[in-house]
Structure formats: C-alpha cells, structure tokens
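Q: Please find one structure pasted underneath; my questions will follow.
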Amino acid sequence: MLNTVNGSSVGSGEGLDVTDPATLEHIDGVDRCGPAEVDAACQAAAAAGPKWARSEADRQKAMLACAEILAACEDELAGLLTREQGKPLAQAHQELRGNVRILQWYANLEHSHVVLRDLAEELVVATYRPVGVVGIITPWNFPVTILAMKLWAALRAGNTVVIKPAPTTPLATLRLAELVNQVLPPGVVNTVTGGAETGSLLTGHPVVGKISFTGSTASGRSVMQAAAPTLKRLTLELGGNDPALLLDDADLDAVLPTVLLGAFYNAGQVCQAIKRVYVPTAMRDEAVARLVALADTRFVVGHGLQPGVTMGPVNNGAQKQRVASLVADAEARGARVQRVGDMNHDLPGHFVRPVIVSRIDAAAPLVTEEQFGPALPVVAYDDVEEVVDSLNAGPYGLDASVWSADADRAVEIATRLQVGQAYVNSHAGPPEPDVPFGGVKASGFGRELGVRGLEEVSELRVLRVARTVTA
Ligand code: NAD
C-alpha cells in the first residue's frame with residue numbers, strides 16, 4: 001500500500017513487509033520512508049496550511065464529509081485492521097466506530113475563543129490559532145483509535161498533519177488517509193511509513209511545529225530529545241502499569257468480570273489495561289480461583305477473523321518474547337502461573353497463552369514493569385496504605401482503579417493516587433470524545449480528547465481591544 005503526499009499516492013510500496021500476526025503470512029508491503037519522502041510530506045503539509053486554517057466552516061464541512069466516507073468504509077478498514085494487528089474483528093469494528101464518533105465530535109465542536117474580560121474600557125479574548133504542521137506518531141496496539149485521538153483535533157484546530165504509523169500496523173492508517181484525501185484539500189493529511197528512523201526524521205523536521213506521540217516511555221524520551229533543537233510542542237502518551245486495587249469490601253462476583261476484561265481486552269495490549277491486581281490476603285485465593293474460572297470460559301484465542309474468537313495473537317514477535325520472559329521470570333521466582341483460555345487452534349503466529357499469576361512477590365518485574373500482554377499478576381496485601389505508597393512511588397502514572405462497595409471510601413483512596421485517570425468501580429474503556437485523557441510522570445504529559453485536546457494542538461493568542469485610546 002502506498003503513502004499519500006499532497007493528495008497523491010507516492011512510493012513503491014516496498015521496503016517493509018506487513019504480516020498477519022496470526023498466520024505470519026505476508027499481507028502487503030509499504031515504503032520505508034527516508035529523508036526525501038519525509039521532507040516532501042512535511043513541505044506539502046506546510047504549503048496546505050494557510051488555506052486550511054482560514055475557514056472554520058469549511059473545515060467542519062470537510063471533516064463531516066470524512067466521517068461519511070469512513071463510516072461507509074468501516075468493513076474494509078476493520079478487515080485490514082484485524083489482519084495487520086491481530087484483534088478480533090468485532091473489536092476492530094468498535095475501533096472504527098469510535099474513530100467516527102471522535103471525528104464527528106470535533107467537527108461539531110465550537111471553541112474558537114473565550115472572552116476573559118468584557119469591560120467598558122477593554123475587551124480581552126483568548127483566541128486560538130493552529131500550531132501549523134503536526135507530526136502524528138502512533139503505536140501498533142490501537143492504530144486507528146490512537147490516530148483518531150490526535151488527527152481530528154489537529155485538523156479541527158486548523159493544522160495540517162504528517163502521520164507515521166507503526167511499521168507493523170500501517171495499512172488501516174494508509175487506507176484511511178487515502179479515503180479522507182478524496183474530500184480534503186491536497187496536503188492536509190499526509191503519511192510516511194517506516195520505523196523509529198522515519199519517526200525521528202519527522203520529529204527533527206524544521207517545519208513541524210508539534211509532535212503528538214503515543215508509544216513507549218523509552219521512545220518518548222528520544223522524541224523529546226529530537227524535538228528540542230527546534231523547540232517543538234509535544235504531547236507524549238507513554239507507557240502505563242495500571243493497578244486495580246480491590247478493597248476488603250469489594251463484591252468479587254460483581255467486580256472480577258470487569259477487572260478481567262480490563263486486563264485482557266486486545267490481548268492485554270492496552271496502555272490503560274489493568275496490569276496488576278491488588279487483593280487483600282484474606283480474599284486472594286477466592287479471587288484467583290474465580291479469575292481463572294472466568295478467564296477459562298471467556299477467552300477463545302485464535303485468528304481475529306474467525307467467528308467466536310475473543311483474543312487474537314499479540315502483534316509481533318518481540319512482544320510475545322517480552323511477555324513470555326516476564327512470565328518465566330515470575331515462575332522461576334516461585335509464583336503460581338495458571339494457564340487459562342481456549343488455545344484450540346494450529347496457527348503459527350504470535351500467540352500468547354493467557355495466564356493468571358498469583359503468590360507473586362510485589363517486586364517481581366511482572367508486577368513492576370509494563371507487560372503489555374495477557375499475563376495478569378494478582379498481588380496480595382495486608383495494609384492498603386502501604387499499597388498506595390508503593391503505587392505512588394512507582395514510575396508510571398496513567399490510570400488506577402479502586403474497587404469497593406463503599407464508593408466514598410474508594411474515592412478517598414483514588415484521589416490520593418498520582419495518575420491521569422482515577423477510576424472507582426470501573427477501569428478505562430473506549431475513549432470518549434469529550435473526556436480528556438493522558439498520563440503523568442513516566443506515562444507522559446499533555447492531554448488528548450475534549451476541549452483540552454483541541455487546545456493542545458492550538459496556540460493561545462490573547463487579543464486585547466482597548467475601547468478608547470488613552471494617553
Ligand atoms: P514504540 O515506542 O516502540 O513505537 C511507537 C511509535 O513510535 C512507532 O510508530 C515507532 O515507529 C515510533 N518510534 C519509535 N522510536 C521512535 C523515535 N525515536 N522517534 C520517533 N518515532 C519513534 O511503542 P510500541 O511498542 O509501538 O507501543 C507500545 C507502547 O506504547 C507501550 O509502552 C504502551 O503503553 C504505549 N502506549 C501508550 C498509550 C497512551 O496513550 N499512553 C497508548 C497506547 C500505547
């Protein structure tokens with residue numbers, strides 16, 4: 001599949017193979033874009049900027065036309081997404097529908113200015129103008145959702161964009177860009193494909209005013225360094241190690257199905273997945289037995305296009321290896337590893353058997369690091385204050401959830417956790433267009449979605465109008 005630059009398909013479609021993570025079969029090829037390709041895309045975006053920024057009404061109209069095209073092509077895009085990413089087809093459809101929801105919400109949002117003072121002597125207004133060219137860099141776990149969280153706010157604010165998808169999941173993104181280029185002016189949405197090298201060419205390019213990046217914390221650090229010489233604005237959505245903290249009055253029947261889904265949706269490859277569960281020691285054995293029984297009935301692992309499959313493979317070999325080594329390490333430390341789910345298929349892909357891991361030391365890497373796969377550690381605790389302190393002492397700060405029959409008690413604890421999102425009796429879920437999202441500490445900075453997300457791809461310009469000229 002080809003990239004789109006200045007409204008035209010460009011490149012050879014060669015250099016990088018995209019494979020189906022369930023079968024390891026070749027699906028398509030894409031370019032590995034170098035300096036010339038990245039420069040052409042950035043220059044096209046810069047040239048298209050002034051006209052695109054001029055009319056809010058034209059942008060809204062064009063974005064609503066994009067929504068129509070993307071809704072009409074949902075089946076095609078969902079099929080591509082499942083094939084390249086691995087997720088079950090129903091989940092790919094959810095991703096595509098969420099994309100259109102976010103697009104429509106931003107297209108209809110009115111937020112051009114805020115009156116700060118309207119006095120006899122002076123009018124003071126906060127106005128917003130676009131940053132210019134926004135570079136969008138996305139990971140492979142939710143290629144469309146994460147793109148949507150960045151792209152539509154950027155366009156609504158009057159920016160033009162250059163998108164670099166992850167090298168293992170570029171296809172749905174490239175097709176989406178081709179489709180919206182049918183109704184957008186040339187140069188407004190451009191794409192470049194490749195790995196970290198292509199990403200760093202974008203991050204270092206002088207005409208790019210902002211980088212909106214989602215990926216690992218390690219890559220986020222490199223992005224920040226590469227963006228420094230040109231003082232680019234940054235939004236960094238990075239890794240997470242979300243805990244679910246069950247209090248001693250939590251109703252296990254009610255709580256555990258939601259906790260399990262929060263951990264294993266998309267084979268655990270969710271920045272906001274529950275990556276560790278804390279349970280009072282007295283409830284540990286009961287909670288683990290129920291989690292194992294539930295997981296056994298809920299997760300059928302196989303090809304995402306196969307009806308009845310509820311968990312696909314992980315996206316790539318490196319990720320499979322990482323999860324396997326964290327689980328092996330936990331087992332070597334004496335933890336109890338219970339293998340769950342139905343693995344009844346003979347596909348050669350990057351499949352990981354889901355596991356529930358208990359009797360694990362809270363200092364084991366499976367607990368303290370981000371596994372990003374279907375391996376859920378259950379950690380027993382005796383003192384909830386010690387858990388709160390240890391969570392706040394950790395590096396990440398994306399989300400946390402507290403589960404209790406007493407919501408007030410849970411809120412009191414949740415609001416002491418150093419995270420971007422604190423949940424009581426739920427955990428994450430699909431992004432909602434009007435609710436800002438982002439992390440603190442090593443989980444990054446900046447927010448996407450909501451009015452705040454629009455402001456983050458805008459520059460604030462204060463307009464002061466004196467009612468009379470005074471000496
Ligand atoms: P990754 O950091 O390896 O890659 C993400 C993207 O950045 C890819 O497109 C990659 O090619 C590009 N990239 C890598 N190094 C780069 C560099 N130096 N300069 C510019 N671009 C570069 O991450 P991944 O393995 O694709 O994704 C998994 C990670 O993403 C996990 O840590 C996960 O928690 C995180 N993530 C975070 C969020 C969030 O919103 N906080 C959402 C999803 C995933």
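The values are calculated or read from the model by the stated rules, or taken from the named source; none is laboratory data. Just so we're clear, the structure is a prediction, and the values are computed from it rather than from any experiment. Counting neighbours? That spans all protein chains shown, and the Cβs are built from the backbone with ideal geometry, glycine included. Keep in mind that these areas ignore ligands, DNA and RNA; they rest on the heavy atoms of the full protein, side chains included. Shrake-Rupley method; radii C 1.70, N 1.55, O 1.52, S 1.80 Å.
Q: Just to be sure I understand: of the beta bridges DSSP finds with both ends in the chain, what percent are antiparallel, rounded to 5? Mind showing how you got there, number by number?
A: Details: 31 of 69 bridges.
Within the chain, antiparallel bridges account for around 45 percent of the total.
Q: So what is the orientation-averaged projected area of the stretch 35-155, using the convex hull of its C-alpha atoms, in nm²?
A: 9.8 nm²
Q: Assuming 0.36 nm per residue, please report the length gained on full extension of the stretch Ala289 to Glu121 beyond their Cα-Cα distance.
A: 53.4 nm
Q: Any idea what % of Cα-Cα pairs in the stretch 242-396 are farther than 21 Å?
A: Tail of the P(r) past 21 Å holds 41 percent of the pairs.
Q: Assign one of three labels to the stretch 402-447, namely rounded, prolate or oblate, based on the Cα gyration tensor with a ≥ b ≥ c the square roots of its eigenvalues; rounded applies when a/c is under 1.5, prolate when it is not and a/b is larger than b/c, and oblate otherwise.
A: Oblate, since a/c reaches 1.5 and b/c is not below a/b.
Q: Here's another thing I want to ask about it. With +1 on each Lys and Arg Cβ and -1 on each Asp and Glu Cβ, how big is the dipole of the chain about its Cα centre, in debye rounded to the nearest 20?
A: 1240 debye
Q: Additional query: For the pair Val462 and Glu56, how long in nm is the line joining their label points, each one 7 Å along Cα→Cβ?
A: Placing both labels 7 Å along Cα→Cβ, they lie 2.1 nm apart.
Q: Which of Leu252, Leu347, Ala364 sits closest to the plus end of the dipole of the stretch 242-396, meaning its Cα is farthest towards the positive end, when Lys and Arg get +1 and Asp and Glu get -1 on the C-beta?
A: Farthest towards the positive pole: Leu347.
Q: So what's the angle, to the nearest 10 degrees on a 0 to 90 scale, between helix 56-72 and the longest Cα principal axis of the chain?
A: In the chain, helix 56-72 runs at an angle near 40 degrees to the longest axis.
Q: Pulled fully out, how much extra length does the chain show between Glu197 and Ala363, if you take 0.36 nm times their separation in residues and subtract their Cα-Cα distance? Display every interim value, and only then the final one.
A: Working: separation 166, 0.36 × 166 = 59.76 nm, distance 3.45 nm.
Length gained between Glu197 and Ala363: 56.3 nm.
Q: Keeping the other protein chains in place, figure out the carbon and sulfur percent of the accessible area of the chain, with a 1.4 Å probe.
A: With neighbouring chains kept in place, the figure for the chain is 53 percent.
Q: In addition: Using a Förster radius of 56 Å, what is the FRET efficiency between Asp382 and Cys73 based on their Cβ-Cβ separation? Nearest 0.05, please. Walk me through the intermediate numbers first.
A: Details: r = 54 Å, r/R0 = 0.96.
Once rounded, the FRET efficiency stands at 0.55.
Q: Could you work out, for the stretch 306-450, what percent of all Cα-Cα pairs fall into each 5 Å distance bin, beginning at 0 Å and stopping at the bin that holds the largest distance?
A: In order of increasing distance, the bins hold 2, 8, 14, 17, 18, 18, 13, 7, 2, 0 percent.
Q: What is the ratio of the Cα radius of gyration of the chain to 2.2 N^0.38 Å, with N the residue count, to two decimals?
A: In units of the 2.2 N^0.38 Å rule of thumb, it is 1.01.
Q: Treating the angle as unsigned and between 0 and 90°, give the value, to the nearest 10°, between the Cα long axis of helix 35-54 and the longest Cα principal axis of the chain.
A: Result, in degrees: 60.
Q: Considering the options Ala67, Ala172, Leu2, tell which one lies farthest towards the positive end of the dipole of the chain, charges being +1 on Lys and Arg and -1 on Asp and Glu at the Cβ, about the Cα centre.
A: Leu2
Q: Would you mind putting 40-51, 74-85 in packing order, based on average other-beta-carbon counts within 10 Å, highest first? Let's see the in-between values first.
A: On the way: 40-51: 20.3, 74-85: 22.2.
Output ranking for 40-51, 74-85: 74-85, 40-51.
Q: Report the one residue of Ser219, Ala263, Leu238 whose Cα lies farthest in the direction of the positive end of the charge dipole of the stretch 197-305 (charges on C-beta: Lys and Arg +1, Asp and Glu -1; origin at the Cα centre).
A: The residue sitting farthest along the positive end of the dipole is Ser219.
Q: What is the Cα radius of gyration of the stretch 87-141 over 2.2 N^0.38 Å, N being its residue count?
A: Rg over 2.2 N^0.38 Å, computed on Cα atoms: 1.87.
Q: Still on this structure, please answer the following. How much FRET efficiency would the formula 1/(1 + (r/R0)^6) give for Glu331 and Ser222, where r is the Cβ-Cβ distance and R0 is 35 Å, rounded to 0.05? It would help to have the intermediate numbers written out before the result.
A: On the way: r = 33 Å, r/R0 = 0.94.
Efficiency computed from Cβ-Cβ geometry: 0.60.
Q: Could you check what % of the DSSP bridge pairs in the stretch 242-396 are antiparallel, to the nearest 5?
A: Antiparallel bridges make up about 25 percent of those DSSP assigns within the stretch 242-396.
Q: Leaving out same-chain residues fewer than 8 places away, which lysines sit with a Cα under 21 Å from that of Lys150?
A: Lys51, Lys61, Lys164, Lys210, Lys232, Lys441
Q: So if each residue of separation counts as 0.36 nm, and I subtract the Cα-Cα distance between Arg409 and Asp17, what length gain in nm does that give?
A: Net length gain for the segment: 136.0 nm.
Q: For helix 143-156, report the angle its Cα long axis makes with the longest principal axis of the Cα atoms of the chain; keep it between 0 and 90° and round to the nearest 10°.
A: Once rounded, one gets 30 degrees.
Q: For a quick check of your reading of the filter: which GluC sites (Glu not before Pro) in the stretch 1-67 sit in a DSSP loop and have no more than 15 other Cβ atoms within 10 Å? It would help to have the intermediate numbers written out before the result.
A: Working: sites: Glu14, Glu25, Glu37, Glu56; in loops: Glu14, Glu25.
Filter output for the stretch 1-67: Glu14, Glu25.
Q: Give me the 1.4 Å probe accessible area per residue for the chain, excluding ligands and nucleic acids, in Å².
A: Working: 18740 Å² over 471 residues.
Solvent-accessible surface per residue comes out at 40 Å².
Q: Next up: Quick check: Cα centre of the stretch 190-249 to Cα centre of the stretch 380-397, how many Å?
A: After rounding, the separation between the Cα centres reads 27 Å.
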